[in-house]
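Worksheet: one structure, shown below.
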Amino acid sequence: MPRENKPKVAVWKFASCDGCQLSLLDCEDEFLALTQEIEIANFPEASRAVIEGPYDLSIVEGSITTPHDAERIQKVRQSSKFLITIGACATAGGIQALRNFKDVNEFISIVYATPAYIDTLQTSTPISEHVKVDFELRGCPIDKMQLIEVISAFLKGRKPNTPAHSTCIECKRRGTVCVMVAQGQMCLGPVTHAGCGALCPTYNRGCYGCFGPKETPNTSSLSSWLKKQGTENEQIVRVFRGINAYAEPFRKESELHEKENKNHKG
């Protein structure tokens, strides 16, 4: 039976491509069943109707890249009992966090005809650097069934059951031959959260780390293995600077090898 007093759920967008929000709509039958238990109070991707807060649960996609959004996320947090972030942008700053390693003003001067009109921050940062986050769901895009699990866990008052193991485990379960061992490809599978079903290795491509660093990732061990295969420091920097470049374990590893590369050249 549907609930009489349904929890109010809001979905918010910051700097992102909307892909993770679309993952919720892609749930289709599961999402329709879920709407029997919750009230979608604010979801611009799906409806123009807006119900004012406060909200029982806010789902946030995207990173903070402008002063306006830095203020807006504070208001979202204040009006939300629980707040979860979804996707690489919201949990690690996203691909746009590559700006964090350079001077963003240089990019602005190259891209925009009138740079004076651009009001942006020097960095792209995850939501957790600005407000308290109750749960982070990684992925680019997120896995839709993991999202349903997280929302269901909220409704039941329990901890979400999402995988903590690496992408390598998914390869083993699928019977996929290791592209690192068999083909010598660079692959972030050993240090990346499971969730994609080992999509890239299944098609003979190394993992790009879309689901971010797994719990306690041994990035230094992976880098040592890559070096033994003849991988240069510059290539190691590039492999860690992808979709989750600003996630702390990936960021620290890339900065270490960037420094080594500069010292070698110097």
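Is the range 239-253 home to any residue that is outside the structural domain of residue 101 (by TED's automatic domain parsing) and farther than 25 Å from residue 140 by Cα? Even if it seems obvious, please write down each step before you answer.
Step one: list which residues in the range 239-253 are outside the structural domain of residue 101 (by TED's automatic domain parsing), which gives 239-253.
The next check asks that each one be farther than 25 Å from residue 140 by Cα; those that pass are none.
No, there is no match, as no residue in the range 239-253 is outside the structural domain of residue 101 (by TED's automatic domain parsing) and farther than 25 Å from residue 140 by Cα.
Got a sec? Which strands (runs of 3 or more DSSP E) wholly within the range 18-128 have at least 3 residues that are of a type outside the set (A, V, I, L, M) and modelled with pLDDT of 90 or more? Step through it out loud before you land on a result.
Values: elements: 39-42, 55-61, 80-86.
Here the list reads 55-61, 80-86.
Search the range 245-260 for residues that are over 12 Å from residue 223 (Cβ atoms) and modelled with pLDDT of 95 or more and pair each with any residue that is in a helix (DSSP H, G or I) and not aromatic (Phe, Trp, Tyr) when their beta-carbon atoms are under 7 Å apart and the residues are at least 6 apart or on different chains.
Matching pairs, first to second residue: 245/97; 245/98; 245/251; 245/254; 246/92; 246/97; 246/100; 247/92.
Count, please, the residues in the range 136-171 that happen to be surrounded by fewer than 18 Cβ atoms within 10 Å (Cβ to Cβ), closer than 25 Å to residue 28 by Cβ and in contact (Cβ under 8 Å) with a residue 12 or more places away in the chain. Write out each step before concluding.
Of the residues in the range 136-171, the ones surrounded by fewer than 18 Cβ atoms within 10 Å (Cβ to Cβ) are 145, 148-149, 152-153, 155-161, 163-165, 169.
Those left that are additionally closer than 25 Å to residue 28 by Cβ: 145, 148-149, 152-153, 155-156, 158, 160-161, 163.
Imposing the further condition that a residue be in contact (Cβ under 8 Å) with a residue 12 or more places away in the chain reduces the set to 145, 148-149, 152, 155, 160-161, 163.
Qualifying residue count for the region: 8.
Hey, can you tell me all the residues within the range 33-74 that are of a type in the set (Gly, Ala, Ser) and either surrounded by 15 or more Cβ atoms within 10 Å (Cβ to Cβ) or touching a residue at least 12 places away in the same chain (Cβ under 8 Å) (or both)? Full working, then the answer.
First, the residues of the range 33-74 that are of a type in the set (Gly, Ala, Ser): 33, 41, 46-47, 49, 53, 58, 62-63, 70.
41, 46, 53, 58, 62, 63, 70, listed by residue number.
Please go through the range 141-186 and pick out each residue that is out of contact with any Lys or Arg (no Cβ under 6 Å at 6 or more places or on another chain), of a type outside the set (A, V, I, L, M, F, W, C) and not in a loop (DSSP other than H, G, I, E, B). Steps first, answer last, please.
Within the range 141-186, the subset out of contact with any Lys or Arg (no Cβ under 6 Å at 6 or more places or on another chain) is 141-165, 167-186.
Restricting the remaining residues to those that are of a type outside the set (A, V, I, L, M, F, W, C) gives 141, 143-144, 146, 149, 152, 156-163, 165, 167, 170, 172-176, 183-185.
Matches in the range 141-186: 144, 146, 149, 152, 156, 167, 170, 172, 173, 174, 183.
The values are calculated or read from the model by the stated rules, or taken from the named source; none is laboratory data. All values reported here derive from a predicted model rather than from experimental measurement. Glycine gets a Cβ as well: all are built from the backbone with ideal geometry, and neighbour counts include every protein chain shown.
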